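Presented below is the structure to which this report refers.
All of the numbers you see were taken from the coordinates with simple rules; none came from a lab. The structure displayed is predicted, hence computed values, not measured ones. Virtual Cβ from ideal backbone geometry, glycine too; neighbours counted across all protein chains shown.
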Amino acid sequence: MKILLIAPSNRPFTKSNLVNSLGMNLHPKYNLLLLGSIAIELGHEVRYLDESFEDIPFNDFYDIVGITCTTNKAIRAYEIADIFRGKKIPVVIGGIHPSTCPDEAGKHADCIAIGEADETWPQILKDIEKNELKKIYSSVGKYYDLKGIPKIHYELIPKKVHYRHTGAIEVSRGCPFNCEFCSTHFFGEKYRTRPIDKVIENINNLPDDYIIFMDDNPMGNKEFALQLFSEMKGMGKTWTSHSTIDIVKYPKLLKAIAESGCRNLIIGFDTLNIENLRSTGKKINININYNEAVNIIHDYGIDIMAGFILGFDHDTESTFEEIYNFVSRNKIFLPNYWILTPYPGTKLFHRLNEAKRILSSDWNQYDSRHLVFKPANMPPEIFLERFHEMEKHSLSWGNIITRGINNNNGYVNISRKLKFNIGLKFARKLGMEQYGE
């Protein structure tokens, strides 16, 4: 069959020369690469399309169109699906938003894939060929064996598409923490890893010497991570990934991470307020001194992309300045500030909805850049004023230059650091919600 896989975009400016010249489209959509690779291994013809770069060929024929979407891309995904269905082409929609809102998504699709789609995708393709497509395919409650991940066909990425890095890879899934504001738990609390020999084989086949681990936390199993990064030493790769802050408790692992080529870790500090950590279930951060943790990571020559979320119930007007000062004092390489967002399916959404604190049901605004609920301790307009003031100061040219030339950790790459920070500055101006992730 002829298959079109689409990652929708509701930000038309992402196709601009400015966005591409600054490398603001960071990496390919790994989930589409994975599903495309599964389909290729089954003998199908696949086209990968990221709407951030390419227009959608609505006039071309396909046997099936697959669309993945997060909440803020859902409306655009439905628009695309409706057009193809109007041409009698079957549409499958999957991803975190359709998985949490299947009834809504089902109004715009012939089929909804709930949960991990690589569990259900082969059966969906077989049923389409037999003209027996079902409305719902769900993998909820099942745990896909990551041994089954096939060779990833990176050649699916069109040559005219210029991501900053194409070396996207996955080594684990699952998260046991179940934080109130996070939707990751929907895909299972059981932490699973790929066989290390398969990971090394995947790394050797990457089209890029810079690796981006797409996992929520490749360090979730410390023994696995230590073995993996020990084996990566000497491969000549550099890499980045997410990590939980408790990594500082494992010096052997940190040493292996640094020696295997890690240049920066994306760490969710989220909040400086311990009551926020307690009330949202972010227990893993509670007994860690953030200032000491930053110094430890820097001592290993690793930069930090720090994520902070504003809008928790114990935040006040002083919270913005406290976070800004923390970032400046600790010489954070790249700070990312997000507005707390009650995504559908999270405990946070249910709590705020029951309290009638939700201000908007426009999914386009559920991008961590818009305030869609009433904060507990300040009016929405004051919150937004303080948030944008903090971000403006943090992304001033003076602060960008300071972070760019900073040598606090022994690793100096001024052009790289400047490019990331300048890219973030313009991404924020353009409203790009995923930059730096």
Pairs of Cα atoms farther than 17 Å apart, segment 301-430, %:
61 percent
Residues ARG329, ARG192 in order from fewest to most other beta-carbon atoms within 10 Å are ARG329, ARG192
When every alpha-carbon pair in segment 118-164 is counted, what percent end up more than 17 Å apart?
56 percent
Averaged over every viewing direction, what's the projected area of the C-alpha convex hull for segment 145-196? Give it in nm², one decimal, please.
5.3 nm²
With a Förster radius of 30 Å, plug the Cβ-Cβ distance of LYS126 and ILE284 into 1/(1 + (r/R0)^6) and report the FRET value to the nearest 0.05.
0.15
Max mean-square fluctuation residue, GNM over the chain, Cα-Cα springs under 10 Å, options ASN31, ASN131, ASN325
ASN131
From the gyration tensor of the Cα coordinates in segment 35-172, what semi-axes in whole Å does the equivalent ellipsoid have, largest first, with each one equal to sqrt(5λ)?
21, 20, 16
Let me know the Rg and Dmax you get for the chain when you use only its Cα atoms, in Å.
21.3, 62
Cα convex hull of segment 171-323, projected area averaged across orientations, nm²:
9.3 nm²
What FRET efficiency would be calculated for the residue pair ASP82, MET1, taking the C-beta separation as r and a Förster radius of 30 Å, to the nearest 0.05?
0.90
Plugging the Cβ-Cβ distance of LYS255 and ARG329 into 1/(1 + (r/R0)^6) at R0 = 30 Å yields, to the nearest 0.05, a FRET efficiency of 0.70
Only helices counted: for the chain, with every DSSP H run of 4 or more residues adding -39500 (n - 2.57) and the sum spread over all residues, [θ] at 222 nm is -10500 deg cm²/dmol
Using every pair of alpha-carbon atoms in segment 114-252, split the distances into 10 Å bins beginning at 0 and state the percent of pairs per bin, rounded to integers.
10, 34, 34, 18, 3, 0
I need the shape label for segment 26-99. Rule: rounded when a/c is under 1.5, else prolate if a/b > b/c, else oblate, with a, b, c from the alpha carbon gyration tensor.
rounded
With a cut-off of 8 Å between alpha carbons and a minimum separation of six or more residues, what is the relative contact order of segment 165-430 in percent?
15 percent
Per the charge dipole of segment 133-177 (beta-carbon charges, Lys/Arg positive, Asp/Glu negative, Cα centre), the residue among TYR154, CYS175, LEU133 reaching farthest to the positive end is LEU133
Aspartates and glutamates near LYS392 by alpha-carbon distance under 14 Å, same-chain residues fewer than 8 away left out - which ones?
GLU321
Pick out the long, greasy-scoring helices in the chain: whole DSSP H runs spanning 20 Å or more along their own axis by Cα, mean Kyte-Doolittle at least -0.5.
414-430
